[in-house]
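Reading through the structure tokens given below for one structure.
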Amino acid sequence: MGDIVISHPPQEQLQDLEFCIDSNPPWDQTMILAFQNYILMLGTSVMIPSMLVPLMGGSNGDKARVIQTLLFVAGIKTLLQTLFGTRLPAIIGGSYAFVIPVLSIIGDPSLRQISNNQERFLQTMRAIQGAVIVASSLQIVIGYSQLWGIFSRFFSPLSMSPVMCLLGLGLLENGFPAVGKCVEIGIPMLLTVIAFCLYLKHIRIWKDTPVFERFSILLSIVIIWLYSYLLTVGGAYRHVPEKTKDHCRTDRAYLISSAPWFKFPYPLQWGAPTFNAGHSFAMMAAVIVSQIESTGAYIAASRFAMATPPPAYVLSRGIGWQGIGVLLDGLYGTATGSTVSIENVGLLGLSRVGSRRIIQVSAGFMIFFSILGKFGALFASIPFPIFAALYCVLFGLITSLGLSFLQFTNMNCMRNMFITGLSLFLGLSVPQYFNQFFSSSGHGPVHTRASWFDGFLNTVFSSAPTVALIVAIVLDNTVDVEGSKKDRGMPWWAKFRNFRGDVRNEEFYTLPFNLNRFFPPT
């Protein structure tokens, strides 16, 4: 009996995706899918202000206003990015990368000594705004000067695979640990999403559309949110610890009661920003981390949208516009900076729809519901374990997408195995060490008299994708470089680095309104 040879050649594009970057579902489906994206990005948008605003001395009303502002600015940033930046279907939202430098500003002795909570909140917010505004200039310069595009020549499928894997794995704490804080809601949510996406995906009950797969997030949230509401009003949490009530009850966010009916966020609404060199320098580390994470997310979004990997020029353009977004964060006062929403990139693959139009309509929902405060607060009051269950699926999907890039490399090569394994392990292990140290000591492992220096290094090494990129880039570009071009996947990758290197780039990344005449690709 002869040997059976089964060959799996590298697949440049994923299978089973129904709509690509510039093809659009019917308008009724577009509106539902856009609302689904809006609901999904609420998790991070609520979580970051809910963590930071109370530490700043802010009230529930302040928290509601910061959430509204964050959503409003996220809508503007997303529209700018999808129209003039990378043009990929990626939502630009709040970033966890900015939490450490923001916490260092909150802990500044000159601000902590302010006795009046409202005054302390305003002064702290203004200090954060000043630092974010100054830090945004770094990203704007790196982007529009094409420095990031030049640096991207060191990327390869081998080095970017661990970065994309750790976009998902680096957020482990927001997955099952958060589900476990309210298992009676989180576990049913996780099982419902899995059932819709895998077991019921072939059922077509409306216009020959796989409803349970395409709208799995929205359907799951509606079902489990209603279930959690019934548990709340039924008295299931009457005699439980306060922490359990905070995680499980649908009325513990205090957003609906404290949100105004109508509020239009505007620049400098908290007052004139204050500037401090130390705060700004530490914030620059968060900007660097966010652009590394966003670069991995843009490449992931391009794959889910059936587009070519973004060329160096397009990456730089996107980072430049992201810097404009960080500037808007500083001017409006969102208490954080910008990055690509990883969960929404995962949703592109889960729904199998990578349409740019859907993300642009979703940006409209963000702006609309942030102005109508009560309605936005209603959706934002969904218990976080519901989002955490979704993250288990979506972050897992991003991780597997990162692994899929290894098909373009030779993983029978010990060099590649060493680099991939080490960058993945250190990418998880180093931030774990920094985060554990911070939890036990109240400060990071880097603890000197120069707080700006501490904030910079503690921020950089607390980001899993950043650590992975540093390790992978250094090793991949210094160990047997010339002899390993094919093993690294460079013959496939190199043609996409140049805007003119692939004829499809013009279709995916050309600016609208014939703007390429004035800003020709370099």
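The values are calculated or read from the model by the stated rules, or taken from the named source; none is laboratory data. Remember, predicted model here, so these are calculated numbers, not experimental data. Neighbour counts run over all protein chains shown; Cβ positions are idealised from the backbone, glycine included. In case anyone asks, the SASA skips ligands and DNA or RNA and just uses the protein heavy atoms, side chains included. Shrake-Rupley method; radii C 1.70, N 1.55, O 1.52, S 1.80 Å.
Can you give the accessible area per residue of segment 376-451, in Å², using a 1.4 Å probe? Show your work: numbers first, answer last.
Values: 3450 Å² over 76 residues.
Using a 1.4 Å probe on heavy atoms only, each residue of segment 376-451 averages 45 Å².
Quick one: putting +1 on the C-beta of Lys and Arg, -1 on the C-beta of Asp and Glu, what dipole do you get for segment 380-522 around its Cα centre, in Debye to the nearest 20? Don't jump to the answer; show the numbers that get you there.
Working: 10 positive and 8 negative charges, 47 e Å.
With Lys and Arg at +1 and Asp and Glu at -1, about 220 debye.
Given 0.36 nm per residue, what is the gain on full extension from Thr209 to Asp22 after removing their alpha carbon distance, in nm?
Details: separation 187, 0.36 × 187 = 67.32 nm, distance 1.94 nm.
My answer for the length gained is 65.4 nm.
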| note | Computed ³J(HN,Hα) along segment 203-213: with the Karplus parameters 6.51/-1.76/1.60, θ = phi - 60°, integer Hz and x for glycine or proline, the list is 6, 10, 10, 8, 6, 6, 9, x, 4, 5, 7
| Which Rg and Dmax, in Å, describe the Cα atoms of segment 57-200? | 19.9, 57
| query | Which whole-number value in Å³ per residue fits the convex hull of the alpha carbons of segment 374-522? | reply | 251
| request: May I ask you to list, by number, the DSSP H helices of the chain whose Cα span along the axis is at least 27 Å and whose average Kyte-Doolittle hydropathy reaches -0.5 or more? | output: 27-52, 60-84, 117-144, 277-304, 312-332, 384-404, 414-441
| note | Under a 1.4 Å probe, counting only protein heavy atoms, Tyr509 has an accessible area in Å², nearest 10, of 0
| request: Heads up, I need the accessible area for Leu372: 1.4 angstrom probe, whole protein in place, Å², nearest 10. | output: 40
| query | To the nearest whole percent, what portion of all C-alpha pairs in segment 157-201 is separated by more than 15 angstrom? | reply | 60
| note | Normalised Cα Rg of segment 362-417, dividing by 2.2 N^0.38 Å with N its residue count, works out at 1.92
| note | Binned at 5 Å starting from 0, the alpha-carbon pair-distance distribution of segment 302-427 in whole percents comes out as 2, 8, 11, 16, 20, 18, 12, 7, 4, 2, 1, 0
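So for each of 34-44, 220-230, 11-21 I average, over its residues, the number of other beta carbons within 10 Å; can you give me the resulting order with the highest mean first?
Values: 34-44: 23.5, 220-230: 17.6, 11-21: 14.9.
Output ranking for 34-44, 220-230, 11-21: 34-44, 220-230, 11-21.
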| message | Assuming 0.36 nm per residue, please report the length gained on full extension of the stretch Ala494 to Leu198 beyond their Cα-Cα distance. | response | 103.0 nm
| message | In whole percent, and with a 1.4 Å probe on the protein chains, what portion of the accessible area of segment 342-433 is carbon and sulfur? | response | 74
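What translational diffusion coefficient, in µm²/s and rounded to a whole number, does the Stokes-Einstein relation yield for segment 1-136 at 20 °C and a viscosity of 1.002 mPa s, taking the hydrodynamic radius as the Kirkwood radius over Cα pairs? Can you show the working numbers first?
Details: Rh = 18.4 Å.
The Stokes-Einstein estimate is 116 µm²/s.
Arrange the peptides 187-194, 144-151, 204-211 so that the one whose residues have, on average, the most other Cβ atoms within 10 Å appears first.
On the way: 187-194: 19.4, 144-151: 16.4, 204-211: 12.9.
Most protected by this proxy first, the peptides run 187-194, 144-151, 204-211.
Just reorder Leu426, Leu255 by solvent-accessible area, largest first, 1.4 Å probe, all chains present. Walk me through the numbers on the way to the answer.
Details: Leu426 55, Leu255 5 Å².
Most to least solvent-accessible, the answer reads Leu426, Leu255.
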| said: Before I look further, what does segment 156-198 give for accessible area per residue, probe 1.4 Å, in whole square angstrom? | reply: 32
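At a 1.4 Å probe radius, carbon and sulfur cover how many percent of the accessible area of segment 79-233? Kindly include the intermediate steps, with their values, before the conclusion.
On the way: 4180 of 6170 Å².
That fraction is 68 percent.
Using R₀ = 51 Å, calculate the FRET efficiency as 1/(1 + (r/R₀)^6) where r is the Cβ-Cβ separation of Leu226 and Thr522; round to 0.05. Present the calculation step by step, with values, prior to reporting the outcome.
On the way: r = 53 Å, r/R0 = 1.03.
Taking R0 as 51 Å, the efficiency between Leu226 and Thr522 is 0.45.
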| remark: For segment 500-517, Karplus-derived ³J(HN,Hα) couplings (6.51, -1.76, 1.60; θ = phi - 60°; whole Hz; x for glycine and proline) come out as 8, x, 9, 5, 6, 4, 5, 5, 7, 10, 5, 5, x, 6, 6, 6, 4, 4
| said: I'd like to check one number: the per residue accessible area of segment 287-370, probe 1.4 Å, reported in Å² as a whole number. | reply: 14
| note | For Arg112, the accessible surface traced by a 1.4 Å probe with all protein chains present amounts, in square angstrom to the nearest 10, to 120
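As a quick test, which of the pairs Lys77/Lys263; Lys63/Lys263; Lys207/Lys374; Lys181/Lys201; Lys63/Lys245 have an alpha carbon distance above 22 angstrom in this structure? Don't skip to the answer; put the middle values down first.
Details: Lys77/Lys263 19 Å; Lys63/Lys263 14 Å; Lys207/Lys374 34 Å; Lys181/Lys201 29 Å; Lys63/Lys245 19 Å.
Pairs exceeding 22 Å: Lys207/Lys374; Lys181/Lys201.
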